[in-house]
Every structure is written in C-alpha cells, then in structure tokens.
Amino acid sequence: MGVNIDIQHLGYRVPHGKQVLTDMNLKIAPGDFVAVLGENGAGKTTLLDLILGFRKPSQGFLKVENEKPYQDNWNSRQKIAYLSEKVDIPGDWSVDDFLKFNEYFYTHYNHDIEAGYLKLFRVKRTDRLGNMSAGEIRRVQIVAALSVEPNLIVVDEITAVLDIVGRRHFMTLLKELNHKTKCTIVLATNILEDLATNVSHVMLLRDGVVKNFEPMTTFLGGSEQAVFSQKVADLLEDDQ
Amino acid sequence: MIFHFIKRDFISHRLPWIILILFTIFSLMFFSYNHLIYLGLLYAYLLFAMTPMTEMTGAKWRSQHVMSRSYLLALPVERKTLFWFTQWRALIFFMPLISFCYILPTFLPEAHRIYINFVPQNFPVGIYHVLVLAMVVWLLNCMMSLPLGFEKVWTYPTQQKRLWAYIVMIGVFLFELFLIILSCSETYLYASHPFFPLIVTSAVAFVRFYLTRRSWLTSL
C-alpha cells in the first residue's frame, strides 16, 4: 500500500542563496503515480530532496505518511526506493558486492524479486561497476532499490541515461508495481516519452511554483502522447 | 551494523593496508638506524589515514565511482548514527598512526627530533596517550568538516560571501592548530601544568567535533 504526501505552503530557500520552491500546496494520495515536469532549475530535484528529508523546508511543511522527513524517521526509509542520477557507487565493487551491501539495511529485502529484476534488466552479478556505462549502473540501482518492495518510489531523472529498451522496461515495471502494490511513485523527468500512458498525475513546476497539478486524464483531455509533449512545452513556455 | 561498513572498508582498501605493512617492515628492517625513516613513516601513516575520507563522508556531487552521500543518507539508518559510524570507520584508518605515536617514545628516546618542539618524555604516560588520541580526533574532524564546509561555500551566490567564508574557515582551522601547537610546545609546557596541553587540545577537538556533526547533518 502506498503512502500519502501532504504539502502545505512549502517553500525552500538555499542557505545564502535563491528561493527554489515557493508556496506549494498539494496532496499526493496513496497509489498515485506523479510525473514532476519542469525546466532545468525549476525545483524538481529540490522537491524530491525534501521528500527524502535531505533538506529542511524554509516555509510550510511537507509530510510523508504524517511524518516530516527532515526529522529523520529513519525506519520509514525501509520502504522507500530512491533512484537518482546523484547516486553513485564505488567503481571497484562488483554488482554482487553492491547488492549484498545494500540488502543488509533492508529487513524486507526480497531475493526472488531481485533475481527476477536482474534477469529483466540483464545485469550480471559478476560485472564490475567501474567497467559499466552510466545506464548499466542505473539498471543495477533499479534492481537494488525495487527489491525492497517499496511503498514509495522516488525517481530523480534516471530515465535519461537508460537506453530505449531499459527505459521501456523501467516504465512498464513502475506501472505494474503501481497497479499491483498501489505504491506511490514520484518521478521527476525531462523525458516525456511513455508518460501519458503510465502516470496518473502530472505536476508542472515553473520557477519553483506549481503551475499544474492534475490527473493525466484531465490534463490530456482525450488527446494522445504527441499532444501531451506539445502541451507540456506550451504550458512551460507561455509565461516567458 | 558498523561492522558491515568496516568489513566493506577492509575489502575496498586491502591493497593500501598491505602496502603500508610492507613499507613498515621494509623500513624498519633496512633503515631503522636513520631517524629520518621515522619521519617518513609518520607521514606515510598520516597520508594513509587521510586518503579514504571522501568515500566515508560520501561525495555530494556527481562523482562517478565514489559512494555518493545521497545514497548513504537515503539508507534506513539514523543519520546521527551514520555520523558516528563515519567517525569510527575513519578512526580505524588512523590506527597505524596512533600505534606509531604510542610506541615511538619507548624505543626512540630522541623522538623529539620527529615531533617538532614536542618532547613526549615530558608528559606522564597516561596524559601523552590521551593527548595523541585527542589530536587524532581533532585532525579527523578537520578532515571531515573542511570539505563539507567548502561544499557549502561553493553554493554562496557572491564572490565576496565566498571569500569571507573561506577566510573564516581557514582562519578558525589555523587558530585551532596554533592553540594545539602552543599548548604542546616545550617552552610553554615547562611554564605551565602538564595537564594544560591535554585540556586545550581536548577542548579544541570537542569544538571541531561539534562543528563537524552539525555540518554533516545539514550536508545536502
């Protein structure tokens, strides 16, 4: 079962720096699959950092399952899968080294699921991470993160480095998990391909302000994928 | 859980450990008559202790093939506990240096040739040992907090703010170093109580530890 995310008057200012997020108000219900879209610097990663509790809000609050993540409710991270382009793993480790290191921290780690994902993403346990491409390393992370049977999946722009097949597998897998386990998914991305058919809600961020947050069906209004990409671009551009 | 990290550290750094052990054996077998080799060993142990620090704190920005801090902080481990783990893990890499400092005065009476203006024999045994440990705690935390501080300063918007922050950071570090050297120096020691260096160094180490902990907990 997924988690709810409650955001009220949320603002974030970088210490000694600029205001990144301003007065965000929204609720993400359990089982929602939200795509967070916006230009570079719009605040997508900062929002995900706040969900993970890496940063403390400057104004308002953000609650995940009625807990404030920055207060370090570490045990609830047992059921959070975090996939980010910022996550790197030592190059001298093998895939097996990393998977074993990672699984130690999770009490509900499922080895059968891990074996299935290793096969799906064609990852070999014996491969050395230092010899893998960025996309292959992301596949390893996907296997490790999703094997914990998460109830919240936070994805920060990793689809860009996945190849076409990898991206399709990943998006299909997210959709399946979302349907089967009703887990909540928050996916920040700049790749719009496959989104229209997979996600349940769209959040458009512009200069740290939520410009749109609505169900995909309402957002599309019956149009197709090609129109979706065009509409996102138009909405993000119309203030410029 | 800490042993899970320590085990991983040993596996990842077994080559540097082996090289250090071989270097020590080789140096003591063939050059033990020359006091300069002890200076060489001292620097080798110091360098060895400093090398893995980035891996332990985790890299803040994309740094392919070094463990990233985002990954460490996203683990289901209390972040305060993770900070303590990092301290203990780093301390293990300081063990050769600590052991060396403990053993040296016993079999090399002229150890003050190595420690500039610092004579271990002048300290009662217990005080000397605790003092070495306090210095290591200070150094370890400097190595952890200075890069964390620089990371923060790089995000400041104006050059003036960045410059002032650098000056303050480096100034505080140099002031702490000055206090420790002054309190341990021979001249000053003779004029004061033997506990004085221990009190000053421990106080400085504690302040540095506190600052490091605060930087670590707000490091992203």
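Read-outs throughout are calculated quantities, based only on the coordinates presented, and are distinct from any laboratory measurement. Here the structure is a predicted model, which is why all the values come from computation and not from measurement. Cβ placement follows ideal geometry from the backbone for every residue including glycine, while neighbour counts extend to all protein chains displayed.
In the calculated pair-distance distribution of the range A:1-70, the portion above 19 angstrom amounts to 28 percent of the Cα-Cα pairs.
Listed peptides A:182-194, B:42-54 appear in the order A:182-194, B:42-54 once ranked by packing, highest mean of other Cβ atoms within 10 Å at the front. Averaged over the residues of B:155-168, the number of partner chain Cβ atoms lying within 10 Å of the residue Cβ comes to 1. Under the simplified labelling scheme, the A:V161-B:W88 pair shows an inter-label distance of 3.2 nm, with each label point 7 Å from Cα along Cα→Cβ.
Put in order of Cβ neighbour count within 10 Å, fewest first, the listed residues A:K180, A:K100, A:K27 become A:K180, A:K27, A:K100.
How many Cβ atoms of partner chains, on average, are near each residue of A:102-109 if near means within 10 Å of its Cβ?
Mean number of neighbouring Cβ atoms from other chains: 2.
Between helix A:225-237 and chain A there is an angle of about 60 degrees, using the helix long axis and the longest principal axis of the Cα atoms. Extension gain for B:K80-B:F23 works out to 16.9 nm (0.36 nm per residue, less the C-alpha to C-alpha distance).
For chain A, the dipole from Cβ point charges (+1 on Lys and Arg, -1 on Asp and Glu) about the Cα centre works out to 380 debye, to the nearest 20.
Helix A:111-120 and the long axis of chain A differ in direction by around 80°, with both axes built from C-alpha atoms. Excluding A:G31 itself, what net charge comes from residues whose Cβ is under 11 Å from its Cβ, given Lys and Arg +1 and Asp and Glu -1? Combined, the nearby Lys, Arg, Asp and Glu give +1. Under a Gaussian network description of chain B, with springs only between Cα atoms under 10 Å, the residue in B:F206, B:F30, B:F93 that fluctuates furthest is B:F30. Note down the net charge around A:V123, summing +1 for each Lys or Arg and -1 for each Asp or Glu among other residues with Cβ under 11 Å from its Cβ. Net of charged neighbours comes to +2. Straight-distance candidates among the aspartates and glutamates for linking to A:K182, with alpha-carbon spacing under 13 Å and chain neighbours fewer than 8 residues away dropped: A:D32, A:E149.
Tell me whether the range A:1-160 comes out rounded, prolate or oblate; compute the Cα gyration tensor, take square roots of the eigenvalues as a ≥ b ≥ c, and use a/c under 1.5 as the rounded threshold. It is prolate, given that a/c is not under 1.5 and a/b is the larger ratio. For the range B:1-95, the calculated P(r) over all alpha carbon pairs, in 5 Å bins from 0 to the bin holding the longest distance, is 2, 12, 19, 20, 16, 11, 8, 6, 4, 2, 0 percent. Note on the range A:91-222: Rg/Rh from Cα positions, Kirkwood definition for Rh, rounded to two decimals, is 1.00.
Distance from the C-alpha centroid of the range B:1-70 to that of the range A:1-73: 39 Å, rounded to the whole angstrom.
Quick one: grab the alpha carbon gyration tensor of the range A:136-178, order the square roots of its eigenvalues as a ≥ b ≥ c, and give me rounded if a/c is under 1.5, else prolate or oblate depending on whether a/b is larger than b/c. In terms of gyration-tensor shape, prolate. Taking chain A as a Gaussian network of alpha-carbon nodes connected by springs under 10 Å, the highest mean-square fluctuation of the residues A:I164, A:I113, A:I28 belongs to A:I164.
Cross-link reach is defined here as a Cα-Cα straight distance under 26 Å, omitting same-chain residues fewer than 8 places apart; for B:K161 the lysines meeting it are A:K18, A:K56, B:K60, B:K152. Using only the Cα atoms of chain B, build the gyration tensor, take square roots of its eigenvalues as a ≥ b ≥ c, and label the shape rounded, prolate or oblate: rounded if a/c is under 1.5, else prolate if a/b is larger than b/c, else oblate. In terms of gyration-tensor shape, oblate. Taking 4 °C and 1.567 mPa s as conditions, the range A:100-155 diffuses translationally at an estimated 110 µm²/s according to Stokes-Einstein applied to its Kirkwood radius (Cα pairs).
Note on the protein assembly as shown: Rg/Rh from Cα positions, Kirkwood definition for Rh, rounded to two decimals, is 1.05.
Database remark: amide H of A:S84 closer than 5 angstrom to the amide H of A:D156 (H placed geometrically; neighbours at sequence offset of 5 or more, or on other chains; Pro and chain starts carry no H).
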